[in-house]
């Protein structure tokens, strides 16, 4: 429990330093985050699409 | 790459196609808070006839002539899709007019101030918009009385009251 408290305290100390970065630095930090979100979305779409039965499958039952 | 966006927006204003512009949304928020994840850059623009369906077509043509092509509802500038939003209310018009000119790596870039960012977010009212208001408050760039006053001036007193009810001052 004290480890968690210590971790949270360290995080609380660290967060203001992130806010103190310059605006261009923060935008640069956001760029890779944006790429990660896009990749996650793409992979989610691929998984969702493969999990969904195709129109032919749902219409005619299981493919042979 | 946002530097390229700044150059493009300044050129757009110099051309006279827009009477004004200002960055808003998460990209603008980052000026005041920690970095946040966002997929695009949102820009308020003052166009002559904002109600016209093709109000943004001249802007798109201007961007395309400079090699920045449309992508969905945005224009791609380097890594960033830039979404142009005509100033659609007295709140967004005021936000644009009172925007600050920031320095983005040596290039001037108009950006909506913290109080107007908060009240625009309040007016939209999704969970992520409330998170934006909270982040701006936490950063100290705007105060609750400032938001309350601005919200009241733009007919959003009830929205602010609801927000205060959900997220009271600790």
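Each reported figure results from applying straightforward, stated rules to the coordinates on display, with no laboratory input. What you see is a predicted model, and the numbers here were worked out from it, not measured in a lab. All Cβ positions, glycine included, derive from the backbone under ideal geometry; neighbour counts span all protein chains shown.
Structure values in brief
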| read-out | value |
| --- | --- |
| Alpha-carbon centroids, segment B:107-170 and segment B:34-62: separation in whole Å | 22 |
| Angle in degrees between helix B:2-15 and the longest Cα principal axis of chain B, rounded to the nearest 10 | 70 |
| Top of B:159, B:114, B:99 by mean-square fluctuation, Gaussian network on chain B, Cα under 10 Å | B:159 |
| Estimated distance in nm for a label pair at residue B:76 and residue A:11, the labels positioned 7 Å out from Cα along Cα-to-Cβ | 3.7 |
| Approximate spin-label separation residue B:54-residue A:39, in nm, with each point projected 7 Å along Cα-to-Cβ | 4.1 |
| Estimated FRET transfer efficiency when R0 is 30 angstrom, pair residue B:146-residue B:10 (beta carbons, to 0.05) | 0.55 |
| Tail weight of P(r) past 21 Å, computed on alpha-carbon pairs of segment B:78-170, percent | 34 |
| Förster radius 30 Å - calculated FRET efficiency between residue B:88 and residue A:28, Cβ distance, rounded to 0.05 | 0.45 |
| Förster radius 41 Å - calculated FRET efficiency between residue B:3 and residue A:3, Cβ distance, rounded to 0.05 | 0.45 |
| Shielding by other protein chains, B:22-34, mean Cβ within 10 Å | 3 |
| Reference-scaled alpha-carbon Rg (2.2 N^0.38 Å with N residues) for segment B:91-139 | 1.23 |
| Gyration tensor (Cα) of the protein assembly as shown, equivalent ellipsoid semi-axes in angstrom | 31, 29, 20 |
| Angle between chain B longest axis and helix B:157-166 axis [Cα atoms, degrees, rounded to 10] | 60 |
